[in-house]
1. What are the residues in region 112-134 that are over 20 Å from residue 37 (Cβ atoms) and in contact with an Asp or Glu (Cβ under 7 Å, 6 or more places away or on another chain), if any?
2. Quick one: count up the residues across region 324-351 that are among the polar types (S, T, N, Q), over 26 Å from residue 264 (Cα atoms) and outside any strand (DSSP E or B).
3. Go through region 146-162 and report how many residues are at pLDDT 95 or above and open to solvent by 30 Å² or more (accessible area, probe 1.4 Å).
4. Just the residues that are assigned to a helix (DSSP H, G or I) and within 21 Å of the chain's Cα centre (by Cα), please, taken from region 277-294.
5. Suppose the filter is open to solvent by less than 30 Å² (accessible area, probe 1.4 Å) and either over 21 Å from residue 436 (Cβ atoms) or part of a strand (DSSP E or B) (or both); does residue 229 pass it?
6. Only one of 218, 118, 186 is within 30 Å of residue 395 (Cα to Cα), assigned to a strand (DSSP E or B) and in the same structural domain as residue 35 (by TED's automatic domain parsing); which?
7. From the list 586, 641, 621, pick out the single residue that is among the hydroxyl-bearing types (Ser, Thr, Tyr) and within 29 Å of the chain's Cα centre (by Cα).
8. Regarding residue 285, is this residue closer than 30 Å to residue 157 by Cα, open to solvent by 20 Å² or more (accessible area, probe 1.4 Å) and acidic (Asp, Glu)?
Amino acid sequence: MSIRKRVLPSCLIGLLATSIVHTWCVSALPAQETITNVHHTLSVEMIPAAHELVARDQIELEVNSQVTLATFTLAHTLHVESVVMRTHSVSGGQGGRDEVVPFTIVRPPETSAQRIVVSLPKDHGRKIALVLSYRGQINDPPREPRHLRFVTPSETAGHIGVEGVYLSGESQWYPDVIGSFSTYRVTAQIPQGWTVVASGSKEGETTSAGKTSSTWVVQDKSEAFTIVANKFVTTSREWKSPTGQRVELQTHFLPDNAGLVDEYLNATAQYLDAYVRILGDYPFDKFAVVENFFASGLGLPSFTLLGSGSIKRHYIQPYALGHEIVHSWIGNSVFNRDDHGNWVEGMTTYLANYYWHELVQDTAQAFEQRRMMLDGYNLYVRPETDYAVSQFLRKHDEKDNAIGYQKSAFVFHLLRQEIGDELFWRGLKIFVSSYRNRPADWQSIEEVFSRESSQDLRWFFEQWVGQPGAPRVSLRDVQARRVKAEGGKEAWRLTVQVEQAEKPFRMTIPIKVVMKESTDIKSIMLSLSQRSVAEFVLPDQPLRVELDPHAMVFRRLTRRQLPPMLNGYVTDPHKTVVRAFVDPASPLQQIVDRITDHELTESRRTTVVSLKENALPHDGSILVLAGADQRQAVQSVVQESCGDRITLGDQGFQVDGQAYDGPKMAVLFSCHRADVPGSLITVLYGVTSGAVEKVSRYLFYYGWHSYVIFQDGFVTKREVWPGLPDVKEVRIDATP
Ligand SMILES: [Zn+2]
């Protein structure tokens with residue numbers, strides 16, 4: 001993900017005396033209208049042991065001569081000691097005349113920032129320089145992620161402490177003009193032995209009297225300036241693009257992870273090689289992988305900040321490091337327009353998490369990613385609580401993730417199919433270069449792609465981005481009759497009727513036609529009506545037709561059409577945990593405890609029952625926590641839904657005919673319940689209780705597969721059993 005400034009309400013009329021309301025609101029208008037060309041020359045000393053910073057920020061800006069107030073936001077824990085207006089010498093050199101100017105502090109309720117309202121002298125010129133001296137604590141120790149199964153960064157608005165320093169745009173650690181894009185020159189001082197990593201390029205570093213001071217320059221206008229610091233081990237290497245661009249690749253790891261640097265530098269180089277081809281020159285002159293002292297995956301201008309645990313777990317995958325690197329262009333070079341729908345995460349997810357697999361020609365993984373985008377949306381977004389992609393701002397839960405990341409990413413897949421590869425990739429490159437260092441929104445994307453493809457794409461963006469929902473498409477009738485083709489050869493005419501329930505969508509959907517001798521993929525244009533009919537002349541007798549076999553279109557699927565998996569259980573509003581173990585010290589008991597603890601605050605409760613008389617509850621989804629001591633009883637209740645796929649034994653188990661034996665083996669599997677449509681039975685079974693110890697802690701991270709095999713807590717295999725496909729046998733029309 002990429003981090004954004006915390007946006008404050010733009011006009012706080014109720015808070016102020018009427019006499020200054022008008023000017024207040026004028027100065028609180030979006031910055032580009034009143035205050036422009038903001039440049040910070042900032043010097044900051046960070047004192048980790050005291051959680052403190054001492055800073056002086058010379059802010060140069062341009063302002064209309066009528067404006068009498070300039071407003072800045074700053075964390076409420078920081079105390080402004082003085083504000084001085086520097087005249088004549090805007091460059092900050094010698095010879096300037098300093099004039100103390102009055103300011104007032106406004107503390108809007110329910111925000112973590114104060115507003116510093118500086119009164120400007122009447123005769124101020126267009127270009128002014130204000131110097132704010134301030135100090136105070138930034139001490140918000142990161143809290144652990146709260147969600148049971150959803151990885152969110154730990155929450156902090158910024159922290160200076162002995163465990164590390166993290167100051168982002170959200171920390172409000174320097175005086176900021178709301179909505180501004182600024183340039184920066186920052187000198188940061190920290191105790192010797194610490195290393196600072198910050199936005200922009202490093203100009204120099206000196207150490208004296210036990211303090212290290214480094215200077216950082218950001219010449220392109222950007223949203224925020226971020227600083228992190230720790231006692232890093234630093235390495236670097238140069239990377240050169242095919243066009244000759246040189247970029248310094250760096251790692252800043254804590255000593256424990258220093259052995260992993262080559263893995264990260266190699267992966268970074270590989271991603272840059274691929275993405276400069278797609279997105280154009282890399283926008284910065286360094287890319288650093290920086291270890292964070294709390295759990296995070298953040299893409300910042302010129303670096304990424306990853307938690308220690310992630311780095312240790314080889315976080316170099318496309319959805320991980322690849323995603324953060326793509327944010328260098330998408331989000332950190334082209335910005336998301338404040339207060340507008342967030343398109344940044346969808347585009348980044350498409351290009352990194354998904355498209356990487358196409359790039360390396362891993363067709364199976366690419367399919368798997370499309371499936372997961374569809375499954376995520378279908379499981380976590382119920383039609384009655386769905387919202388449009390254009391309404392997504394940031395994710396708070398799985399539903400936001402399914403809309404703002406997964407569906408949004410799929411929109412780009414649909415767009416690419418709509419206008420074709422060549423125009424899509426050309427449009428993307430043009431979009432990135434023309435919005436460089438500028439904010440963009442969905443409308444900008446629509447404009448660029450409409451122009452490049454010479455098509456009016458209004459309907460497309462309205463349908464997929466502007467409105468919630470997804471089409472419900474199904475095969476209605478499929479029939480064929482023998483015809484005579486040219487030259488008297490025999491052929492078959494296939495007629496396919498496709499139905500759209502509810503609101504119809506304009507789209508093209510592929511079908512797979514299985515014929516006697518061959519198989520072919522065709523596509524059907526669906527019109528804005530409930531029923532569409534397509535005809536094809538085939539060389540061979542068609543037997544079966546399957547709708548969208550490769551998950552190329554975005555649509556609503558029934559729960560029966562989705563693969564069985566733990567997340568199907570998780571998202572079932574009606575669920576029961578079945579305790580099928582006797583030993584009260586079993587790690588399986590921890591799962592029961594965590595589920596009941598987690599739900600203390602929720603209105604909807606999971607029922608917990610014991611497996612009695614080999615009977616299961618009659619409705620809803622079921623999670624069976626199975627110990628070896630109740631193996632036979634579990635086997636008999638599983639049989640009905642899973643059939644022969646699973647056999648549990650006391651030395652091991654069999655899945656799909658493959659045997660897995662040994663005391664350290666465990667399996668998590670899910671099947672659709674035979675007599676309860678839309679519900680699932682999920683079973684966690686360990687040959688011994690030791691085999692499920694580690695799995696029990698992370699059970700809900702394994703939600704996307706039909707079965708996962710563990711050996712001593714490590715995944716050795718995972719597979720998906722497809723859901724029910726939409727297939728119809730071809731009816732032969734033999735009428736003469
Ligand atoms: Zn992201």
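1. To start, the set of residues in region 112-134 that are over 20 Å from residue 37 (Cβ atoms) comprises 112-115, 117, 119, 122-123, 133-134.
133, 134 - these are the residues of region 112-134 that are over 20 Å from residue 37 (Cβ atoms) and in contact with an Asp or Glu (Cβ under 7 Å, 6 or more places away or on another chain).
2. First pass over region 324-351, keeping only residues among the polar types (S, T, N, Q): 328, 332-333, 336, 342, 348-349.
If we keep only those that are over 26 Å from residue 264 (Cα atoms) too, we end up with 336, 342.
With the extra rule that they be outside any strand (DSSP E or B), the set shrinks to 342.
Adding up the residues that qualify gives 1.
3. Looking only at that region, the number is 1.
4. Our first condition is that a residue be assigned to a helix (DSSP H, G or I); within region 277-294, this holds for 277-279.
Selection gives 278, 279.
5. Details: open to solvent by less than 30 Å² (accessible area, probe 1.4 Å): yes; either over 21 Å from residue 436 (Cβ atoms) or part of a strand (DSSP E or B) (or both): yes.
When the stated conditions are applied, residue 229 passes them.
6. On the way: 118 fails: within 30 Å of residue 395 (Cα to Cα); 186 fails: within 30 Å of residue 395 (Cα to Cα).
After applying the criteria, what remains is 218.
7. On the way: 586 fails: within 29 Å of the chain's Cα centre (by Cα); 641 fails: within 29 Å of the chain's Cα centre (by Cα).
None of the others qualify; the one that does is 621.
8. Values: closer than 30 Å to residue 157 by Cα: yes; open to solvent by 20 Å² or more (accessible area, probe 1.4 Å): yes; acidic (Asp, Glu): yes.
Considered against the rule, which asks whether it is closer than 30 Å to residue 157 by Cα, open to solvent by 20 Å² or more (accessible area, probe 1.4 Å) and acidic (Asp, Glu), residue 285 comes out as yes.
The values are calculated or read from the model by the stated rules, or taken from the named source; none is laboratory data. Since this is a predicted model, take the numbers as computed values, not measurements. Glycine also receives a Cβ, built like all others from the backbone with ideal geometry; neighbour counts cover every protein chain displayed. Each accessible area value is taken on the protein alone, full model and side chains, heavy atoms only, with ligands, DNA and RNA left out. Shrake-Rupley method; radii C 1.70, N 1.55, O 1.52, S 1.80 Å.
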